[in-house]
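Please read the structure below before turning to the comments.
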Amino acid sequence: MSALLSARLVRPSYSTAMVERPRLYARLEGWRSRRAVVIHAPAGYGKSSLIARWLDVAGLARQAAWITLDEEAADPARFVADVAAALETLRPGVQALVQPILADPRGDPARALSRLLDGLADHTPVAGKDDHLLLVLDDLHRIQSPAVDALLLAMLERGPPTLHLVLLARRRTGPSLARLHAYEKLIFLTADDLRFTEAEVAAYLRARGFTTSTAAEVAELTERSEGWVAGLQLAALAQRRPGDVGELAASLAGQQEWVGEFLASEVLDRQPPAIQRFLLQTAILDEFNAPLCAAVTGDDQAHALLAAVARADL
């Protein structure tokens, strides 16, 4: 296994001071009866950290494999190879089932995936042992490939009942999951679910050694940050007096430079040029609609660009 592949299969670490989120752990409890856990939320909401911590809290780390996807996984053969390498860590021997097919330049990735799923289904359960597996696909938004979408849908609809996917993305992406959602085969979380509550903001302050905060201060911090954990972290970085709740609130009110750098590097720079240009041109508007955006940008594709921005949760 190459060093690059090994790095993609490593579960990300999380801070030892991470806020525990039992209300979200409870939402994930029914995963064995669902085909997948799907989390869509923009950058900075703690998708990966939540799942990484949940696996430890729930005692599931030994039943889970992790892939951090990149743009090259849009190639179906590469995607199947990564999935096989990840599942090999849980079911030794399954990777060998697909290697001959993928090594053939004319090999069919869909056939390789079918062989892999059959191999998992043929695995003999150990009496008294939880045989369910979790495969986490992180950064799914990096893949724009109808062919890979079809492979994902095959995994969800035709994979063995003991294989469950966890799909983490910054926006709605991948195959249509409407049918699975309708049949209650998914656990679905969004940014609204991941936002910190006042209780979680208070726990965040305690974990990071802030001085005693009042309920009013916690409420103000929650409102100003909109429960966005990255916003709280950026404000804390901007502090000159660490641990001062009053200064943290002031930092949140004046952290435009920090937030701007974060959004530029983590969000804007990763958009296609047309979307980047559209966002920059329309940033002057407090409220907007398609005709207004068209007037500001002079682009007759403003309606389509605005729809793309909405789909991407931007």
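For ALA86, the requirement of being surrounded by fewer than 15 Cβ atoms within 10 Å (Cβ to Cβ) and among the small types (Gly, Ala, Ser) is not met.
Is it true that some residue in the range 5-22 is modelled with pLDDT of 90 or more and hydroxyl-bearing (Ser, Thr, Tyr)? Within the range 5-22, not a single residue is modelled with pLDDT of 90 or more and hydroxyl-bearing (Ser, Thr, Tyr).
All of (1) within 21 Å of ARG23 (Cα to Cα); (2) at pLDDT 85 or above hold for GLU184 with one exception: (2).
Given the structure, is LEU113 at pLDDT below 95 and either surrounded by fewer than 15 Cβ atoms within 10 Å (Cβ to Cβ) or not polar (S, T, N, Q) (or both)?
The answer is no for LEU113.
The set of residues from the range 64-87 being modelled with pLDDT of 95 or more, in a helix (DSSP H, G or I) and either within 19 Å of ASP130 (Cα to Cα) or not aromatic (Phe, Trp, Tyr) (or both) comprises PRO76, ALA77, ARG78, VAL80, ALA81, ASP82, VAL83, ALA84, ALA85, ALA86, LEU87.
Working only within the range 265-290, note down all residues that are loosely packed, with under 11 Cβ neighbours inside 10 Å, at pLDDT below 85 and assigned to a helix (DSSP H, G or I). Once the filter is applied, which keeps residues that are loosely packed, with under 11 Cβ neighbours inside 10 Å, at pLDDT below 85 and assigned to a helix (DSSP H, G or I), the range 265-290 yields only ASP269. Please find, among ARG106, ARG91, the residue that is touching a residue at least 40 places away in the same chain (Cβ under 8 Å), assigned by TED's automatic domain parsing to the domain that holds SER15 and either part of a loop (DSSP other than H, G, I, E, B) or of a type in the set (S, T, N, Q) (or both). That would be ARG91, the only listed residue that is touching a residue at least 40 places away in the same chain (Cβ under 8 Å), assigned by TED's automatic domain parsing to the domain that holds SER15 and either part of a loop (DSSP other than H, G, I, E, B) or of a type in the set (S, T, N, Q) (or both).
Among the residues of the range 7-27, is there at least one that is of a type in the set (Asp, Glu), outside the structural domain of LEU234 (by TED's automatic domain parsing) and part of a loop (DSSP other than H, G, I, E, B)? For the range 7-27, residues of a type in the set (Asp, Glu), outside the structural domain of LEU234 (by TED's automatic domain parsing) and part of a loop (DSSP other than H, G, I, E, B): present. Within the bounds of the range 231-243, is there any residue that is in contact with an Asp or Glu (Cβ under 9 Å, 6 or more places away or on another chain) and either among the basic types (Lys, Arg) or at pLDDT 95 or above (or both)? Looking through the range 231-243, at least one residue is in contact with an Asp or Glu (Cβ under 9 Å, 6 or more places away or on another chain) and either among the basic types (Lys, Arg) or at pLDDT 95 or above (or both). Consider the range 156-168 and keep the residues that are modelled with pLDDT of 95 or more and of a type in the set (A, V, I, L, M, F, W, C). The one that is nearest to the chain's Cα centre (by Cα) is LEU168.
Counting only helices (runs of 4 or more DSSP H) that sit completely within the range 145-230, those holding 1 or more residues that are in contact with a Phe, Trp or Tyr (Cβ under 6 Å, 6 or more places away or on another chain) and either of a type in the set (Val, Ile, Thr) or surrounded by 15 or more Cβ atoms within 10 Å (Cβ to Cβ) (or both) correspond to 146-158, 191-194.
The values are calculated or read from the model by the stated rules, or taken from the named source; none is laboratory data. Here the structure is a predicted model, which is why all the values come from computation and not from measurement. Methodologically, a virtual Cβ is constructed for each residue, glycine included, from the backbone with ideal geometry; neighbour enumeration extends over all protein chains shown.
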